[in-house]
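Values quoted throughout were computed directly from the atomic coordinates according to the rules given, and no laboratory measurement underlies them. Treat the numbers as computed from the prediction; the structure is a model and nothing was measured. With ideal geometry, Cβ positions are generated from the backbone for all residues, glycine too; neighbour counts draw on all protein chains shown.
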Amino acid sequence: MLILETKDLKKVYGKGGTEVYALNGINLKVERGEFLAVVGSSGSGKTTFLNMIGGLDVPTSGEIILDNKRLSALSDNELTVFRRRKTGFIFQQYNLIPMLNVWENIVLPLKLDGRQPDEDYISEIVQILGIEKKLKELPGKLSGGEQQRAAACRALATKPSVILADEPTGSLDSVTSQNVIELLKITSAKYRQTIIMITHNEEIAQLADRIIRIEDGKIVG
Amino acid sequence: MALFYICTIFFIIAFFVKREQNLMGNIQKMLDNAITGKFNDISLNESKMSIIENSMWRYLCDCQMSYQKLLSEKEQIQAQISDISHQTGTHIANIILYSQLLEEQQELYVNNSETAECLSIIRKEAEELDFLTGFLEKLSRMETGIINVTLKKQKIMPVLSSITNQFQKQALKQQIQFSIEMSDESAVFDLKWTKEAVANVVDNALKYTRAGGSVSISVKAYSFFVCIRVSDTGTGIPEREQANIFTRFYRSEAASEKAGLGIGLYIAREVIKAQGGYIKVDSVENKGSCFSMYLLKDKVS
C-alpha cells in the first residue's frame, strides 16, 4: 500500500537564463509504515522536497499523491485541513510555543481540529518518549532532547498518516539524537506511522528502513 | 400568538430530526462503502463529518496493513515449516538406512538377540517419525497452496492397483479381508494426489477395523461423478462426530490411543475438493463406515 507517490516533481526558481532547479524530476514511492531517510548535502533540495510533500510549498510541475489525495487538486482551505490531519511535522528548531506548557503544546493540533484529545493514546506516547514528568513545564525549561521529544509527541498526537521530520536531530548531541530517533521508531512501528526524515547525519540515516540520497535536485540512490 | 409559538417549536424540532437523519444516513453510507472496500475520504473541511471520515480512513488503512503483515508472516512461517520438515526427512531416512545396515551387520557377526531387539525398535521408531514428518510436510504444503493438482481425464485403474500394492500386505497382517473391485471408469483427477487421498481413507479404514472384518473398495459411475467407495466393518463413527472428522487435527475420542495426527482425512478432503469433487461419509456405530469420494466425470468448462 502506497502512502506517498511523487511523479516527476520539479521546482524552478528564477526565469529565463537564470533558472535554478531546486528539484529536477523526483520520482519516489513510499509504502505505508515505512521509515525513510533522505540524505544529501546542503542545497541539494531536501528541504524543498519535504516542504512540498507537506503542502507547505507548491511544485512548478509534477504530481504529489499523499494518502490517496492529489495535493495539486486541493484548495487552500482543504490543504490546511489536510496538513492538520494527515501530516505531523518535526523541525530542527522544535517550534514549540513558548507560552504554552508541554501538554498544551502536544494537544494543540487536535484542539485546532475540534477534536477531543485521546488521553490514553497521548499518555502512552508521552510515556514511551519519556516526558511524562515534564508535561506541566514550559518548553523553555526543558533540555534540547526533551523539547524535541515533546515536538515528536505533538507530531504523533493527531495520529497522522505521515510524519515529516526536517533535521530533527540537528541541534542535539549524538547520543540524544540516536535516542530520540529510536523512540520515534518504536512509536511509529507501534501505531503504524510512516516517517520521512531529512538528515545529513549518516549515522542517524542508518536507523531508517530505507535511505535515498538527493543531489542537485535528483535522487541519486 | 400561541399558535405561532407552537409552529415555531414544531419547525425547530423537525429541523433537528431531519439533520440527525441526514447524519445517520451519511454514516450508514460510509460504513457500507467501507464494507464493500470502496471507501475513500473525500471531503476535507472543518465539519465533524469530515473528521469522522478521516478517522474511518485511517482505521481501514491500519486494518489492511496489519492484515497484509499477518499474511506475509504466515506465509513465511509456513514456508519454514515446510523447509524444516523436508530437511528432517533426509536425516530420518539416514537413521533408518544406518539402523538397517547395523541390523544386518549384527545378524552376520554378533547375533545377540537383545541387540537385535534394540535395533529393530530404533528402526520402527524412526519409521514412525518418518511418517509423521512426511505428513507435516504435506500439510504445510497444502497450507501454502502448493497442492497443485493438474487435472486430466484418465482411468481410475492405476489408483486402484497402487492401493492394492500398498495395503494388501498390511490387511493380511491385520487379518482383514481386503477386496478391490477393479474398474474401467475414467474421471478427471490428478494421479499422484488422488492416490494420496484414497490411501489416506483406506489407511483410516484399516486402522479402525478389527481382525476378521473386511475393507472393500468399489467404483461406481453416475451421470456427473464417478464415486470411489471405501467401506469397512470397523468401529464406525458416532453421528455427532461425523461432521468433524474432516477437520484438521480432529481425533475421535474413541481413537485417542491409535497413532496419528488427525490430518489424513483432512488432506483427503482438500485434495478431492481441489479437483472439483467432494467426499462424504455414512457410518453406523459398531457396524462400519463408508467413505465416498466423488470425482468429476468430465472437465467443467
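For this structure, a couple of remarks:
- At full extension, B:LYS153 and B:THR90 could sit 19.2 nm farther apart than now, given 0.36 nm per residue minus the alpha carbon distance.
- Relative to the dominant Cα principal axis of chain B, helix B:113-143 is inclined by about 30°.
- Considering only A:GLY54, A:GLY17, A:GLY43, the Gaussian network model of chain A with Cα springs below 10 Å gives its largest mean-square fluctuation to A:GLY17.
- Distance between modelled label sites at B:GLU128 and B:ALA2, nm, 7 Å Cα→Cβ extension: 9.5
- Here the range A:30-67 is scanned for amide nitrogen atoms under 17 Å from the site 7 Å beyond the Cα of A:ASP8 along Cα-to-Cβ, giving A:59-65.
- Note on A:TYR94, B:TYR109, A:TYR13: ascending count of other Cβ atoms within 10 Å places them as B:TYR109, A:TYR13, A:TYR94, the fewest first.
- Along the axis of the charge dipole computed for the protein assembly as shown (Cβ charges of +1 for Lys and Arg, -1 for Asp and Glu, origin at the Cα centre), the listed residues A:THR187, A:LEU56, A:PRO168 are led at the positive end by A:LEU56.
- Percentage relative contact order, chain B, counting C-alpha pairs under 8 Å, at least six apart: 14
- The protein assembly as shown shape via C-alpha gyration tensor axes, a/c threshold 1.5: prolate
- Helix B:264-274 vs. chain B, principal-axis angle (Cα, 0 to 90°, nearest 10): 60
- Charge dipole (debye, nearest 20) of the protein assembly as shown; +1 at Cβ of Lys and Arg, -1 at Cβ of Asp and Glu: 1620
- Most to least packed among B:29-42, B:51-64 [average Cβ atoms within 10 Å]: B:51-64, B:29-42
- For B:ASP184, A:ASP57, order by how many other beta-carbon atoms lie within 10 Å, fewest first: B:ASP184, A:ASP57
- A simple rule links phi to the HN-Hα coupling: the Karplus curve 6.51 cos²θ - 1.76 cosθ + 1.60 with θ = phi - 60°, which for the range A:66-71 gives 10, 6, 6, 10, 7, 4 Hz, with x for Gly and Pro.
- With respect to chain A, whose longest principal axis is taken over its alpha-carbon atoms, helix A:174-190 is tilted by about 90°.
- Among B:ILE13, B:ILE96, B:ILE180: highest mean-square fluctuation, GNM of chain B, C-alpha pairs under 10 Å: B:ILE13
- The sum of -39500 (n - 2.57) across all DSSP H runs of n ≥ 4, divided by the residue count of chain B, sets its helix-only mean residue ellipticity at 222 nm to -20500 deg cm²/dmol.
- Max mean-square fluctuation residue, GNM over chain A, Cα-Cα springs under 10 Å, options A:ILE26, A:ILE196, A:ILE125: A:ILE26
- Were the residues from B:LEU108 through B:SER252 laid out at 0.36 nm apart, the gain over their Cα-Cα distance would be 47.4 nm.
- Cβ-derived FRET efficiency at R0 25 Å, B:SER55 paired with A:LYS133, nearest 0.05: 0.25
- Simple label model, 7 Å out from Cα along Cβ direction - A:LEU56 to A:GLU202, nm: 2.7
- Partner shielding of B:61-71 amounts to 3, given as the average count of beta-carbon atoms from other chains within 10 Å of each residue beta-carbon.
- Placing +1 on the Cβ of every Lys and Arg and -1 on the Cβ of every Asp and Glu, with no other charges, gives chain B a dipole of roughly 1240 debye about its Cα centre.
- By the Stokes-Einstein formula, at 1.002 mPa s and 20 °C, the range B:152-296 with its Kirkwood radius over alpha-carbon pairs has D equal to 141 µm²/s.
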